[in-house]
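Heads up: the structure comes next, in structure tokens.
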Amino acid sequence: MRKVEVVDYNKLWPEEFKKEAESLRTIMESILMNIHHIGSTSVAGLPAKPVIDIMPVVKKIEHVDPYNEAMEAIGYEAKGEHGIPSRRFFKKGGDDRTHHVHVFESGSPDIERHLAFRDYMRSHPEEAEAYGQLKIDLARKSPTDIQAYMDGKDSFIKDRERRALAWYRKQQQ
């Protein structure tokens, strides 16, 4: 059973991302276009589950599959699309997860969605504070029910994603 734990922001998370990103670059070098730190651990000051979310961007998503064994050799479990079409998802740490890797093909709208949400939270501290408090409250309310935790965040995330995409696209002009 996965425990729902939300902790204060850890200043080491960006370094943990960099370290893991280097391992991924070594493995997927020939297909990798870019690699991003996403999710709550990528937003300074934001409370989060202590799981580093990493988003590699590749030329062709099907080129990721031959790297499953290499990913397993460094502790990841390959989960395929895992509910999101045209994604490859890997998790590390079992029930005590430490990293999630979400691989998308260049041009996927999911890339923009993740980057927009991250950058919006970085640029709107009041939104990040509200999101952090919501996550803390949900973790306290449902410490052993990850689905209730995720469901509790859903409407907030969808609303902020909509705002974030409009803001992000305006910033890109």
Residue check for Arg169: of a type outside the set (Ser, Thr, Tyr) and either more than 14 Å from Gly45 (Cα to Cα) or exposed (fewer than 14 other Cβ atoms within 10 Å of the Cβ) (or both)
yes
Residues of region 155-173 being among the aromatic types (Phe, Trp, Tyr) and closer than 11 Å to Arg113 by Cα, which ones?
Tyr168
Assuming Pro66 fulfils every condition listed in (1) surrounded by fewer than 21 Cβ atoms within 10 Å (Cβ to Cβ); (2) in contact with a strand residue (DSSP E or B) (Cβ under 9 Å, 6 or more places away or on another chain); (3) at pLDDT 95 or above apart from one, which condition is it?
(2)
Filter the helices (runs of 4 or more DSSP H) completely within region 69-173 down to those with at least 3 residues that are under 20 Å from Ile52 (Cα atoms) and in contact with a strand residue (DSSP E or B) (Cβ under 6 Å, 6 or more places away or on another chain).
109-123
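Residues are listed down the side, and each one gets a yes or a no for (1) among the acidic types (Asp, Glu); (2) in contact with a Lys or Arg (Cβ under 8 Å, 6 or more places away or on another chain); (3) more than 25 Å from Leu165 (Cβ to Cβ):
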| residue | (1), (2), (3) |
| --- | --- |
| Met33 | no, yes, no |
| Met55 | no, no, no |
| Asn68 | no, no, yes |
| His99 | no, yes, yes |
Limited to region 124-152, what total is found for residues that are under 18 Å from the mean Cα position of the chain (by Cα) and either polar (S, T, N, Q) or loosely packed, with under 14 Cβ neighbours inside 10 Å (or both)?
3
Could you please give the count of residues in region 8-31 that are loosely packed, with under 14 Cβ neighbours inside 10 Å, part of a helix (DSSP H, G or I) and either in contact with an Asp or Glu (Cβ under 8 Å, 6 or more places away or on another chain) or of a type in the set (D, E, K, R) (or both)?
5
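The values are calculated or read from the model by the stated rules, or taken from the named source; none is laboratory data. Here the structure is a predicted model, which is why all the values come from computation and not from measurement. Note: ideal-geometry Cβ built from the backbone for every residue, glycine included; neighbour counts use all protein chains shown.
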